[in-house]
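S.K.: This is the structure, below, for whatever I ask next.
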Amino acid sequence: MANILIPYYSAYGHIYEMAQSVAEGAKRVDGTEVKIVKIEEFDAVKEAMSGQEAYVQAQNVQDAVETATHDHLRWADGIIWGIPTRYGSMPAQMKQFLDSAGGLWASGELEGKVTSIFTSTGSVHGGQETTIITSLVPLLHFGLLYVGLPYSENPEQLTKEGIGGTPYGASTLAGPDGSATPDQRDLTMAGRLGARVAKIAGKLSS
Ligand SMILES: Cc1cc2nc3c(=O)[nH]c(=O)nc-3n(C[C@H](O)[C@H](O)[C@H](O)COP(=O)(O)O)c2cc1C
């Protein structure tokens with residue numbers, strides 16, 4: 001029995017699509033309850049991107065998704081973060097949410113919960129690993145226990161093709177102009193990541 005939270009930020013919808021697969025994977029584990037919540041957008045970004053059709057459409061699709069709160073983090077036994085790359089690291093929206101959670105850091109309420117990350121980049125070498133590894137740093141300050149994506153369960157990673165999948169977490173590619181959609185192998189690995197975190201969270205919380 002575990003509660004799995006998937007807090008994500010997605011400007012153009014790739015991370016949102018990956019979040020659905022992560023959720024499906026987590027739900028495959030008996031007794032798991034899953035919640036997908038979005039990290040609040042900045043007003044300045046909404047305004048700056050209001051003329052971009054792809055951004056506006058992707059935001060409309062996510063309209064009904066609940067906004068992430070600290071109580072969601074308290075509810076969760078496992079937290080799987082959806083974090084697209086911004087200059088090789090996490091978007092400011094995600095950092096702002098983590099920075100606002102100082103009370104949870106002080107109380108130690110997140111310590112011992114299981115966590116992982118999935119990411120997305122525009123280009124193959126645009127920073128999937130750096131985004132995951134640098135995002136891991138604040139998560140460790142909260143006392144979260146990090147779970148990766150092992151090769152044995154994810155043989156698709158052993159490729160020189162331009163797809164996602166890293167031992168550090170699941171990932172996908174949006175393409176330089178954002179027009180690519182997640183490869184089926186990326187979605188499959190995202191699902192396995194969800195299942196892995198749900199299984200471990202279930203064991204730790206029982
Ligand atoms: C401000 C900004 C910075 C970005 N920096 C990078 C980068 O360093 N490397 C890269 O490959 N893609 C970069 N991208 C592309 C995004 O990572 C890509 O749009 C995102 O992964 C798509 O996910 P989403 O559809 O969920 O928003 C950047 C995009 C923006 C808007």
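S.K.: Can you compute the charge dipole magnitude of the chain about its Cα centre, using +1 on each Lys and Arg Cβ and -1 on each Asp and Glu Cβ, nothing else charged? Give it in debye, rounded to the nearest 20. Mind dumping the intermediate values first?
M.R.: Working: 15 positive and 23 negative charges, 116 e Å.
Computed charge dipole of the chain: roughly 560 debye.
S.K.: While we're here: Over the chain, how many pairs of lysines fall under 13 Å by alpha carbon, counting only those 8 or more apart in sequence or from different chains? Intermediate values should be presented prior to the final figure.
M.R.: Working: K27/K35; K27/K199; K113/K199; K113/K203.
Lysine pairs meeting both conditions in the chain amount to 4.
S.K.: Could you quote the convex hull projected area for region 152-206, Cα atoms only and averaged over all directions, in nm²? List each step's numbers first, then the result.
M.R.: Numbers: hull surface 17.7 nm².
So the Cα hull casts an average projection of 4.4 nm².
S.K.: What does the accessible area per residue of the chain come to in Å², with a 1.4 Å probe and no ligands, DNA or RNA counted?
M.R.: Solvent-accessible surface per residue comes out at 47 Å².
S.K.: Just to be sure I understand: if I project the alpha-carbon convex hull of the chain onto a plane and average over all orientations, what area do I get in nm²? Could the numbers behind the result be given before it?
M.R.: Values: hull surface 42.5 nm².
Over every viewing direction, the Cα hull of the chain projects on average to 10.6 nm².
S.K.: With +1 on each Lys and Arg Cβ and -1 on each Asp and Glu Cβ, how big is the dipole of region 77-140 about its Cα centre, in debye rounded to the nearest 20?
M.R.: Details: 3 positive and 5 negative charges, 43 e Å.
Taking the Cα centre of region 77-140 as origin, the dipole is about 200 debye.
S.K.: Moving on. Could you compute the longest span of the chain free of chymotrypsin sites (Phe, Trp or Tyr not before Pro) located in DSSP loops and having at most 16 other Cβ atoms within 10 Å, not counting the site residues?
M.R.: No qualifying site falls inside 88-150, the longest such stretch.
S.K.: Follow-up question, since we're still on this one. Quick check on region 5-91: take the gyration tensor over C-alpha atoms, sort the square-rooted eigenvalues as a ≥ b ≥ c, and tell me if it's rounded (a/c under 1.5), prolate or oblate.
M.R.: Values: a/c = 2.02, a/b = 1.83, b/c = 1.10.
Taking the square roots of the gyration eigenvalues as a ≥ b ≥ c, region 5-91 is prolate.
S.K.: Hey, rough spin-label estimate for D99 and V124, points 7 angstrom out along Cα→Cβ, what's it come to in nanometres?
M.R.: 3.5 nm
S.K.: Taking 22 Å as R0, compute the FRET efficiency from the Cβ-Cβ separation of E47 and Q20 and round it to 0.05.
M.R.: Details: r = 28 Å, r/R0 = 1.27.
Here the calculated transfer efficiency is 0.20.
S.K.: Okay, moving on. With point charges of +1 on the Cβ of Lys and Arg and -1 on the Cβ of Asp and Glu, referenced to the Cα centre of region 2-205, which listed residue (M90, I132, A198) lies farthest in the positive direction of the dipole?
M.R.: Farthest towards the positive end: A198.
S.K.: Heavy atoms only, probe 1.4 Å: what % of the accessible area of the chain goes to carbon and sulfur, would you let me know?
M.R.: On the way: 5160 of 9690 Å².
Ligands and nucleic acids excluded, carbon and sulfur give 53 percent.
S.K.: Which one of I4, G102, V65 is farthest out on the positive end of the charge dipole of region 2-205, using unit charges on Cβ (Lys, Arg +1; Asp, Glu -1) and the Cα centre as origin?
M.R.: Checking the options against the dipole of region 2-205, the answer is I4.
S.K.: If you don't mind, another one. Which FRET efficiency, nearest 0.05, do L204 and T159 yield, Cβ-Cβ r, R0 45 Å?
M.R.: Values: r = 32 Å, r/R0 = 0.71.
With a Förster radius of 45 Å, E is 0.90.
S.K.: Below 8 Å, C-alpha to C-alpha, sequence gap of six or more: please give me the relative contact order for the chain in percent.
M.R.: Working: 420 pairs, mean separation 59.4, N = 206.
For the chain, the relative contact order is 29 percent.
S.K.: Next question. So what J values fall out for region 192-200 if you push phi through Karplus, 6.51 cos²θ - 1.76 cosθ + 1.60 with θ = phi - 60°, rounded to Hz, Gly and Pro as x?
M.R.: Whole-Hz 3J(HN,Hα) from phi for region 192-200: 5, 5, x, 5, 5, 5, 4, 4, 5.
S.K.: Extension gain E33-Y146, at 0.36 nm per residue separation less the Cα-Cα distance, in nm?
M.R.: Working: separation 113, 0.36 × 113 = 40.68 nm, distance 1.97 nm.
Using 0.36 nm per residue and subtracting the Cα-Cα distance, I get 38.7 nm.
The values are calculated or read from the model by the stated rules, or taken from the named source; none is laboratory data. Remember, it's a predicted structure, so these values are computed and weren't measured experimentally. Glycine also receives a Cβ, built like all others from the backbone with ideal geometry; neighbour counts cover every protein chain displayed. To get the accessible areas, we keep the full protein, side chains included, count just its heavy atoms, and leave off ligands, DNA and RNA. Shrake-Rupley method; radii C 1.70, N 1.55, O 1.52, S 1.80 Å.
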